[in-house]
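The values are calculated or read from the model by the stated rules, or taken from the named source; none is laboratory data. Here the structure is a predicted model, which is why all the values come from computation and not from measurement. In this analysis, Cβ positions are derived from the backbone assuming ideal geometry, glycine residues included, and neighbour counts consider all displayed protein chains.
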Amino acid sequence: MTSATPTLDTMGEVSAKPTKVIQPAWVRVMHWINAVAMILMIMSGWQIYNASPLFNFRFDHSVTLGGWLGGALLWHFAAMWLLMLNGLAYLITGLATGRFRSKLLPITPGGVFGDLKAALTFKLAHDDLTIYNSVQKLLYAGIIVVGIVTVLTGLSIWKPVQLHWLVALFGDYPTARVIHFVCMSLICAFLIVHVALALLVPKSLRAMIIGR
């Protein structure tokens, strides 16, 4: 789908130049819903963590949500359903439309190494935002897997008796908690990289807002 953007031709007259839709509407809507749900889950999750820390530290109250354990759980469960339903819709739509196949595959070690080297030396091109480089493919595919594991470990922590078979899949309850925490940490790292790259390549952020 394209639209016309007015440009000046060589004769100084206005002409219509087609612009390409980089991010379709369904991707943009689901992306921002997911962003809100993820932030709510992370902040409320940190408040839940503070009530029973896994490690010898707690998160500062200023970056948590809920005020106390009960309030944090309410926020966490509400955001959980939003994230799960939106994520499921995203997975189904991405598979049905072939977007995952066209955008995220193939992923090869050679391609990832080459693009990573180019990125570290500031030689990675961003001319065509419709094409993901190998590093992007790996990060986006990886974060989908991490998101699925996060949901599964979260469910096993929430209902360890009813979903005992799911807890057993991760070993036991304490292990499920650790895996859940690690997945949260990976998501936070992804978000930092994701936002940093969006700021370095502003047109990618614009595309996620207006599509072009």
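Structural remarks
- Only one of 66, 87 that is small (Gly, Ala, Ser), within 15 Å of the chain's Cα centre (by Cα) and either surrounded by 15 or more Cβ atoms within 10 Å (Cβ to Cβ) or modelled with pLDDT of 95 or more (or both): 87
- Restricting region 120-140 to residues that are more than 19 Å from residue 26 (Cβ to Cβ) and outside any loop (DSSP other than H, G, I, E, B), the residue that is modelled with the lowest pLDDT: 120
Residues are listed down the side, and each one gets a yes or a no for (1) touching a helix residue (DSSP H, G or I) at 6+ places or on another chain (Cβ under 6 Å); (2) surrounded by 14 or more Cβ atoms within 10 Å (Cβ to Cβ); (3) within 30 Å of residue 50 (Cα to Cα):
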| position | (1), (2), (3) |
| --- | --- |
| 166 | yes, yes, yes |
| 174 | no, no, yes |
| 182 | no, yes, yes |
| 189 | no, no, yes |
| 195 | no, no, yes |
| 199 | no, no, no |
| 204 | yes, yes, no |
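- Just one of the listed residues (141, 119) is within 22 Å of residue 83 (Cα to Cα), touching a helix residue (DSSP H, G or I) at 6+ places or on another chain (Cβ under 8 Å) and among the small types (Gly, Ala, Ser), and it is 141.
- Any hit, region 49-58, residues being assigned to a helix (DSSP H, G or I) and over 25 Å from the mean Cα position of the chain (by Cα): yes
- Among the residues of this structure, residue 149 counts as one that is part of a helix (DSSP H, G or I) and either surrounded by fewer than 17 Cβ atoms within 10 Å (Cβ to Cβ) or within 16 Å of the chain's Cα centre (by Cα) (or both).
- Listed by first and then second residue, the pairs with beta-carbon distance under 7 Å, at least 6 apart or on different chains, first residue in region 98-119 and within 13 Å of residue 139 (Cα to Cα) and in a loop (DSSP other than H, G, I, E, B), second small (Gly, Ala, Ser) and modelled with pLDDT of 90 or more, are 107/141.
- Extreme residue, nearest to residue 131 (Cα to Cα), among residues of region 153-212 that are polar (S, T, N, Q) and assigned to a helix (DSSP H, G or I): 204
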